[in-house]
Amino acid sequence: MIATETATSPFDPHVRRAVPEWRRTLLLLVPILTAGVTVWCIWVFPETLSPQGRIALIITALALIGWVATPLPESLVALASAVALVLTGVIAETQLYAILGSDLVWLLLAAFIIAAVLKECGLAERMILPLLSRQMHFVTFAFTLATAIALTAFLLPSTSGRAALLLPVFLALIPHLPDERLRRPLALLFPTVILLSAGGSLIGAGAHLVAVEAIVATGGDRLSYLDWLMLGAPLAFLASAAGVLLILVLFVPRALWRERIGWARMREPLTPRQWRVLCVVSILVGLWLTEPLHGFGMALVAVVGAMALLTKPFTRSKTKEVFRAVDVELILYMAATTLIAYSMTQSGADRWLAGQALAWLPASLTASKTAMVIVVAIVAMVAHIVIASRSARAAVLVPAVALPVAGLGHEATVMILVVVMGSGFCQSLMAGAKPVAIFGMREEGGFTQADLARLALPLGMAKLTLLVGIALFVWPHQIAGAGTERMVLAQDDKPAMAVIHLPPLTLLPPITTSNIVETIAATKTKAQEPAANVKPEIRREASSPRTKRDTSNRNNIEKSIDRAIRDIGADIRNIFR
C-alpha cells in the first residue's frame with residue numbers, strides 16, 4: 001500500500017513522497033545500467049585518449065551519475081571519486097592531502113568563522129537594513145537584492161570570495177521571510193546572480209585576466225577595466241535579470257509575488273562591540289580590494305581577520321562554539337570536486353573532449369560565423385560539468401577551442417570573449433561552481449540537485465541567446481569602434497589582416513601556463529608572417545608595429561597570465577604547484 005503524503009506544502013524541498021515498488025526498482029537499475037554502459041564506452045572507444053585520461057573521464061562520469069541520478073549524498077559521491085582517483089593512480093596520494101591546504105579551504109574556514117561572529121553580535125541583521133528598511137513586494141525585493149549582489153562584482157575579485165562574504169547576509173535574511181516557501185528561491189538567487197554578474201567586471205573572475213592576455217597575444221588591444229565594463233556589463237546584468245525572473249517564475253508561487261518583506265527601521269545605535277566588529281570587517285574588505293598593493297591573498301587576510309574576531313573584544317562565545325559553525329562537509333565536498341577537476345586537466349581528458357567537440361563539426365558548419373559562435377558558446381557553457389574552476393575552463397578552452405575556431409576564419413577576440421563569458425554559466429550541478437555549493441550545501445539553503453536541473457535548462461537557453469546575440473551584433477561593433485584588431489583567416493574573397501595556424505588538437509601538450517603562452521605566442525608569430533597570396537597593403541598592415549606589439553617580450557605575457565591565474569584562489573593549478 002502506498003502511503004499518502006503528509007507535507008504541509010508541495011513547495012517544501014524536504015518532502016518525502018512515497019514511491020511505488022516498481023518505480024523504486026527502476027530508479028535503482030537505471031543508474032547502474034547507465035554507469036555500466038558509460039564505463040564500457042569510455043574505455044573502448046576513445047583510441048586517442050591515454051589510459052589515465054580514460055580513467056579520469058570514467059570516474060568523473062560516474063560522479064555525475066551519482067550526483068544526478070542517485071539519492072546518495074553529494075559529499076559522499078565526491079569523496080568516493082577522489083579516493084578512486086588515488087587508488088587508480090590518476091593522481092598521487094600527496095595531492096589528495098594537499099588539496100586540504102589550498103587557499104580556497106582556508107578562505108571558507110575563515111568565512112564561516114566571520115559569519116558566525118557577525119550573526120552572534122547582531123551585526124549581520126544591521127548590514128541588511130538598507131534592503132529591508134522599506135516594505136516592498138517580494139518581486140521588487142528580489143531584483144533590488146540582485147542589483148546589490150551584482151555590484152559587488154566590481155569590488156571583489158573572486159566569485160568564491162563574494163559568496164563567502166554574502167553568506168552572512170543570506171543567513172540574516174532567512175528569519176525575516178514572510179513565508180517559508182521563499183527560502184529556496186532566495187538561496188538560489190544568491191549564487192545565480194554572483195556567477196552571472198561576474199562577467200561584467202574585469203576583476204570579477206581570474207578567467208577574465210587570462211582572456212585579456214590571450215587577446216593581446218593574438219594581436220588585439222589590451223582591454224582596460226572600462227573596456228571590459230562596456231563589453232561585459234550588458235550581458236552580465238541582462239543574464240542576472242533573466243536568472244532572477246526565472247527563479248520567481250519557477251520557484252515562487254504567484255500568490256507570494258506581492259507578499260511584503262521588510263520591517264521598520266531600527267533606531268538603536270550600534271553597540272561598541274558591533275562597531276569593533278564592523279571596523280575589522282571593513283579592514284578586511286579594504287585589504288581584499290588592495291591586494292595588488294600589499295600582495296597578501298584573500299585567504300590569508302580572511303584567516304587573520306577570523307583570528308582577530310575570535311578574541312574577547314569581538315565575541316562573547318567560546319572558540320569551540322564558534323568553530324561548530326564551520327561546515328566541514330561543505331569544505332570536504334569542495335576539496336574533492338576540485339580534485340576531480342584537476343584530474344581531468346592533468347590527464348588531458350578535458351582537452352580531448354574539447355578537441356572531439358570541434359572534430360565532429362562538418363566543414364559547411366565551420367564556415368558560418370553564427371554557427372561557430374553557437375558551438376563555442378555551448379562548449380563553454382557545458383564545460384563546468386567536467387571542469388569546476390572558472391579559470392581552469394578559460395585556461396583549457398582558449399587554446400583548445402577559441403584559437404582553433406579563429407584559425408577557421410573567425411575573429412579571435414570575439415571567440416575568446418565567448419569562451420570566457422560562456423564559462424560563467426555553471427549552475428546545473430552542485431559541483432559546477434563553488435558559490436552554488438556554498439549556498440546549496442548549507443542546511444538553511446533548502447535547494448537540491450533537482451532544483452538546479454529545473455533552473456539550468458531555461459536559464460542556459462536564456463544565457464545562450466543573450467551571449468550569441470551580443471557576440472554577433474554588439475561586440476564586433478564595439479571592438480571595431482575601440483580599434484581592436486581582428487584576427488581572421490586569409491581567404492580569396494575575404495582578405496585578412498593576419499593568418500592563424502594551430503597544431504592539431506590531438507597534439508596539444510598538457511595544459512600548463514607555459515604551454516598556454518607558447519601556443520598563443522606561436523599563433524601570433526605565425527599570424528604575422530605575410531602569406532604569399534596576401535596583397536602588399538595587407539602584408540604591410542600585418543607587419544605594422546601595432547600588430548607586433550608585445551610579441552618581442554614573451555616572458556611578460558607568461559608572467560601576466562601567471563598573475564591572472566594566481567588572482568583567483570580557486571584556480572586548481574595553483575593548489576598543487
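Kindly indicate whether any position in region 318-333 is in a loop (DSSP other than H, G, I, E, B), open to solvent by 60 Å² or more (accessible area, probe 1.4 Å) and at pLDDT below 85.
Scanning region 318-333 turns up at least one residue that is in a loop (DSSP other than H, G, I, E, B), open to solvent by 60 Å² or more (accessible area, probe 1.4 Å) and at pLDDT below 85.
Only one of (1) modelled with pLDDT of 80 or more; (2) more than 30 Å from Leu250 (Cα to Cα) is not met by Leu72, so which one is it?
(2)
Looking for something within 16 Å of Ile385 (Cα to Cα), modelled with pLDDT of 80 or more and assigned to a loop (DSSP other than H, G, I, E, B) - is there at least one such residue anywhere in region 339-350?
Looking through region 339-350, at least one residue is within 16 Å of Ile385 (Cα to Cα), modelled with pLDDT of 80 or more and assigned to a loop (DSSP other than H, G, I, E, B).
Name every residue in region 224-246 that is hydrophobic (A, V, I, L, M, F, W, C) and open to solvent by 20 Å² or more (accessible area, probe 1.4 Å), in order of residue number. Explain how you work it out, then say what you get.
Just the residues of region 224-246 that are hydrophobic (A, V, I, L, M, F, W, C), to begin with: 226, 228-231, 233, 235-239, 241-242, 244-246.
Leu226, Leu229, Met230, Phe237, Leu238, Ala241, Ala242, Leu245, Leu246 - these are the residues of region 224-246 that are hydrophobic (A, V, I, L, M, F, W, C) and open to solvent by 20 Å² or more (accessible area, probe 1.4 Å).
Please go through region 298-317 and give me each residue that is touching a residue at least 60 places away in the same chain (Cβ under 8 Å), under 29 Å from the mean Cα position of the chain (by Cα) and open to solvent by less than 30 Å² (accessible area, probe 1.4 Å), ordered by number.
Within region 298-317, Met298, Ala299, Ala302, Gly305, Ala306 meet the criteria.
Every residue, every condition in (1) without any contact (Cβ under 8 Å) to a residue 12 or more places away in the chain; (2) under 26 Å from Leu429 (Cα atoms); (3) not polar (S, T, N, Q), yes or no:
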| position | (1), (2), (3) |
| --- | --- |
| Glu47 | yes, no, yes |
| Gly53 | no, yes, yes |
| Leu62 | no, yes, yes |
| Glu74 | no, yes, yes |
| Ala82 | no, yes, yes |
| Leu85 | no, yes, yes |
| Ala116 | no, no, yes |
| Thr140 | yes, no, no |
| Ile149 | no, yes, yes |
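Of the numbered conditions (1) of a type outside the set (A, V, I, L, M); (2) closer than 30 Å to Val304 by Cβ; (3) surrounded by fewer than 23 Cβ atoms within 10 Å (Cβ to Cβ), Gly161 satisfies every one except a single condition; which is it?
Exception for Gly161: condition (3).
Among the residues of region 132-166, what is the count of those that are at pLDDT 85 or above and assigned to a loop (DSSP other than H, G, I, E, B)?
0
Each row is one residue, and each column tells you yes or no for (1) open to solvent by less than 80 Å² (accessible area, probe 1.4 Å); (2) small (Gly, Ala, Ser); (3) in a helix (DSSP H, G or I); (4) modelled with pLDDT of 90 or more.
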residue: Ser9; (1), (2), (3), (4): yes, yes, no, no
residue: Leu27; (1), (2), (3), (4): no, no, yes, no
residue: Ile55; (1), (2), (3), (4): yes, no, yes, yes
residue: Thr60; (1), (2), (3), (4): yes, no, yes, no
residue: Val68; (1), (2), (3), (4): no, no, yes, no
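Got a sec? Which of Val386, Val418, Val436 is more than 19 Å from Ile247 (Cβ to Cβ), at pLDDT 85 or above, within 21 Å of the chain's Cα centre (by Cα) and among the aliphatic types (A, V, I, L, M)? Working first, answer last.
On the way: Val386 fails: at pLDDT 85 or above; Val436 fails: more than 19 Å from Ile247 (Cβ to Cβ).
Only one candidate passes the filter, namely Val418.
Please work out which residue is farthest from Gln52 (Cα to Cα), limiting yourself to region 76-98 and to residues that are of a type outside the set (D, E, K, R) and open to solvent by 50 Å² or more (accessible area, probe 1.4 Å).
Filtering region 76-98 for residues that are of a type outside the set (D, E, K, R) and open to solvent by 50 Å² or more (accessible area, probe 1.4 Å), the one farthest from Gln52 (Cα to Cα) comes out as Leu76.
Within region 212-221, identify whether any single residue is of a type outside the set (Val, Ile, Thr) and under 26 Å from Ala146 (Cα atoms), and answer yes or no.
Among the residues of region 212-221, not one is of a type outside the set (Val, Ile, Thr) and under 26 Å from Ala146 (Cα atoms), which makes the answer no.
Limited to region 32-53, what total is found for residues that are in contact with a helix residue (DSSP H, G or I) (Cβ under 8 Å, 6 or more places away or on another chain), surrounded by fewer than 19 Cβ atoms within 10 Å (Cβ to Cβ) and in a helix (DSSP H, G or I)?
Residues in region 32-53 being in contact with a helix residue (DSSP H, G or I) (Cβ under 8 Å, 6 or more places away or on another chain), surrounded by fewer than 19 Cβ atoms within 10 Å (Cβ to Cβ) and in a helix (DSSP H, G or I): 6 in total.
How about region 381-489: which helices (runs of 4 or more DSSP H) wholly inside it have at least 3 residues that are in contact (Cβ under 8 Å) with a residue 40 or more places away in the chain and buried (at least 19 other Cβ atoms within 10 Å of the Cβ)?
Result: 390-397, 403-406, 412-422, 434-440, 449-473.
Would you check which residues across region 334-356 are farther than 26 Å from Thr94 by Cβ and buried (at least 19 other Cβ atoms within 10 Å of the Cβ) and list them? Working first, answer last.
Looking only at region 334-356, we keep the residues that are farther than 26 Å from Thr94 by Cβ, and these are 353-356.
Answer for region 334-356, where residues must be farther than 26 Å from Thr94 by Cβ and buried (at least 19 other Cβ atoms within 10 Å of the Cβ): Leu353, Ala354, Gly355.
Out of Ala78, Ala98, which single residue is in a helix (DSSP H, G or I), modelled with pLDDT under 90 and within 25 Å of Arg184 (Cα to Cα)?
Ala78
Looking at region 179-223 only, could you name the residues that are crowded, with 20+ Cβ neighbours inside 10 Å, not in a helix (DSSP H, G or I) and not small (Gly, Ala, Ser)?
Within region 179-223, Leu202, Ile203, Thr218, Leu223 qualify.
Determine whether Val249 is assigned to a helix (DSSP H, G or I), exposed (fewer than 14 other Cβ atoms within 10 Å of the Cβ) and either modelled with pLDDT under 85 or of a type in the set (A, V, I, L, M) (or both).
Numbers: assigned to a helix (DSSP H, G or I): yes; exposed (fewer than 14 other Cβ atoms within 10 Å of the Cβ): yes; either modelled with pLDDT under 85 or of a type in the set (A, V, I, L, M) (or both): yes.
When the stated conditions are applied, Val249 passes them.
The values are calculated or read from the model by the stated rules, or taken from the named source; none is laboratory data. Keep in mind that this is a model prediction, so the values were computed, not measured. Heads up, the Cβs are rebuilt from the backbone with ideal geometry, glycines too, and the neighbour counts pull from every protein chain shown. Accessible surface areas use protein heavy atoms only, side chains included; no ligands, DNA or RNA. Shrake-Rupley method; radii C 1.70, N 1.55, O 1.52, S 1.80 Å.
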